[in-house]
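Undergrad: First, the structure itself, so that you have it in front of you.
The values are calculated or read from the model by the stated rules, or taken from the named source; none is laboratory data. Keep in mind that this is a model prediction, so the values were computed, not measured. Cβ sites come from the backbone with ideal geometry, for glycine too, and all protein chains shown count toward neighbours.
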Amino acid sequence: MNQLAVIGVKFIIAAIAFAVGLDLFFDADLADILSFSLYAAIATYLIGDRIILPARGDRASYIAEFFTVYLGVWIFGSVLYESYLQIAWGSIIAAVLFTAGEVLVHVFMLERSELRYPSPRRSQPAFGSEFSEELDPRKKK
């Protein structure tokens, strides 16, 4: 799938998530919603899709993208808004909605792409095997 299309879909999902999380429940400007959406689309694409998704898989990528959006809105929202209630609830609602949309983006992205990401490496315990007779101190030879 074209990488610019992935960023575009992420931007649309982020705009919807921030419109619900910040504008529907609180009073946010359109410029704030679009700037948060642009940040979320680019940051989660670079961190989640290009770095973590190929290395660790979907679950780790979802977690990283959730915290990227949540912390980004929390940090930048504290500069723009004076109400901590708006920042707290707006960031958690937007991050949950964005992460739910990311599930669909990853399914669509992996379905359309020729590149298949490897499954995350599972650490296999390396047990050493030693074969010997059991020594029972009660038995006498």
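Undergrad: Can you tell which of Glu82, Glu114 is among the acidic types (Asp, Glu) and either modelled with pLDDT of 85 or more or over 28 Å from Ile33 (Cα atoms) (or both)?
TA: Answer to the check: Glu114.
Undergrad: Looking at Leu135, is it at pLDDT 70 or above, hydrophobic (A, V, I, L, M, F, W, C) and outside any helix (DSSP H, G or I)?
TA: Taking the combined requirement at face value, the residue satisfies it.
Undergrad: Restricting attention to the stretch 61-105, which residues are of a type in the set (D, E, K, R) and outside any helix (DSSP H, G or I)?
TA: Residue satisfying the conditions is Glu82 alone.
Undergrad: Have a look at Ala19, Ala64 and point out the one that is small (Gly, Ala, Ser), under 17 Å from His106 (Cα atoms) and out of contact with any His (no Cβ under 9 Å at 6 or more places or on another chain). Explain how you work it out, then say what you get.
TA: Working: Ala19 fails: under 17 Å from His106 (Cα atoms).
Result: Ala64 is the single residue among Ala19, Ala64 that is small (Gly, Ala, Ser), under 17 Å from His106 (Cα atoms) and out of contact with any His (no Cβ under 9 Å at 6 or more places or on another chain).
Undergrad: Looking only at the stretch 10-19, filter to residues that are surrounded by 15 or more Cβ atoms within 10 Å (Cβ to Cβ) and farther than 15 Å from Leu46 by Cβ; which one of those is farthest from the chain's Cα centre (by Cα)?
TA: For the stretch 10-19, the residue satisfying everything is Ala19.
Undergrad: Which pairs have Cβ atoms under 8 Å, sit 6 or more apart or on different chains, and link a residue in the stretch 31-46 that is modelled with pLDDT of 95 or more and polar (S, T, N, Q) to one that is part of a helix (DSSP H, G or I) and surrounded by fewer than 15 Cβ atoms within 10 Å (Cβ to Cβ)?
TA: none
Undergrad: Same structure, new question: Could you look through the stretch 21-42, keep only residues that are buried (at least 17 other Cβ atoms within 10 Å of the Cβ) and of a type in the set (A, V, I, L, M), and pick out the one that is nearest to Glu82 (Cα to Cα)?
TA: Ala28
Undergrad: Just give me the residues in the stretch 2-30 being touching a residue at least 60 places away in the same chain (Cβ under 8 Å) and assigned to a helix (DSSP H, G or I), in sequence order.
TA: The answer is Val6, Val9, Lys10, Ile13, Ala14, Ile16, Ala17, Phe18, Val20, Gly21, Leu22.
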